[in-house]
Amino acid sequence: MADPTSGVLTDLRALDGAVYAAVAGTPTPALDSALRRLSRAADHSKISLATAALLALRPGRPRQAAVAGTGAVALASVAANLIGKQLVRRPRPDREQARVAVGRQVPMPESASFPSGHTAAATAFATTVGVLLPPLAVPLGALAAAVGYSRIHTGVHYPGDVAAGALLGFAAAVASLAAVRAAPPGRPG
């Protein structure tokens, strides 16, 4: 008897590839350079860490959010890059075969594709800071979503990689927020 999960996984891989190909095949010249720049700006969590540095300049809740957000980025990065990519080892998409426009492309990372570390870190930061500073939840959440999409748009990730990265980011945020709540009063977390 055939394993029913193998059929589901095959279908999910096919859907993942089809969505990737649809994004690659849709001409979007007005978006290409902006999404390429956003994807590069998110390398090494530069956007999140710069935001954390600005928040850390203000005492109290903003500084606590900066510390917790940075901790969430660290957790998400370890989970995605040192654990997830090593366990799954999914190859990167073939941009040439999918005909991803050259004007959209960023350098192809050498690491495995699954999960998206950029998305994991951006989601972890946005979720953690958004919980601690609710007025920032929507703009940071939108930025994290844009970072995730930019990784598909530039051709370096499948949509499933981005979805898994977002889930890892949420988990890292939950862990970071739990650490903040467990910290003794008067300590930033």
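The values are calculated or read from the model by the stated rules, or taken from the named source; none is laboratory data. Note that the structure is a prediction, hence the values are computed from the model and not measured. Please note: Cβ atoms are built from the backbone with ideal geometry, for glycine as well, and neighbour counts cover all protein chains shown. Remember, those area values only see protein heavy atoms, side chains included, never the ligands or the DNA or RNA. Shrake-Rupley method; radii C 1.70, N 1.55, O 1.52, S 1.80 Å.
Remarks
- Helices (runs of 4 or more DSSP H) contained in the stretch 1-73 and holding at least 1 residues of a type in the set (Asp, Glu): 4-25, 29-41
- Condition check for Pro135 on (1) open to solvent by 20 Å² or more (accessible area, probe 1.4 Å); (2) not in a helix (DSSP H, G or I); (3) not small (Gly, Ala, Ser): one failure, at (2).
- Arg99 over 16 Å from Asp43 (Cβ atoms) and open to solvent by 50 Å² or more (accessible area, probe 1.4 Å): yes
- The criterion of being closer than 17 Å to Tyr158 by Cα, open to solvent by less than 30 Å² (accessible area, probe 1.4 Å), touching a residue at least 60 places away in the same chain (Cβ under 8 Å) and not in a helix (DSSP H, G or I) holds for Val106.
- Within the stretch 50-69, considering residues that are buried (at least 16 other Cβ atoms within 10 Å of the Cβ) and out of contact with any Leu (no Cβ under 7 Å at 6 or more places or on another chain), the one nearest to Phe125 (Cα to Cα): Gly69
- Positions within the stretch 70-96 being open to solvent by 40 Å² or more (accessible area, probe 1.4 Å) and touching a Phe, Trp or Tyr at 6+ places or on another chain (Cβ under 7 Å), in sequence order: Val88, Arg90
- The conditions of being at pLDDT 95 or above and either of a type outside the set (A, V, I, L, M) or over 22 Å from Arg36 (Cβ atoms) (or both) are met by Gly141.
- No other residue among Thr123, Thr119 is assigned to a helix (DSSP H, G or I), polar (S, T, N, Q) and under 15 Å from Thr70 (Cβ atoms) apart from Thr123.
- Inside the stretch 138-156, residues that are at positive phi and open to solvent by 10 Å² or more (accessible area, probe 1.4 Å) make up a count of 0.
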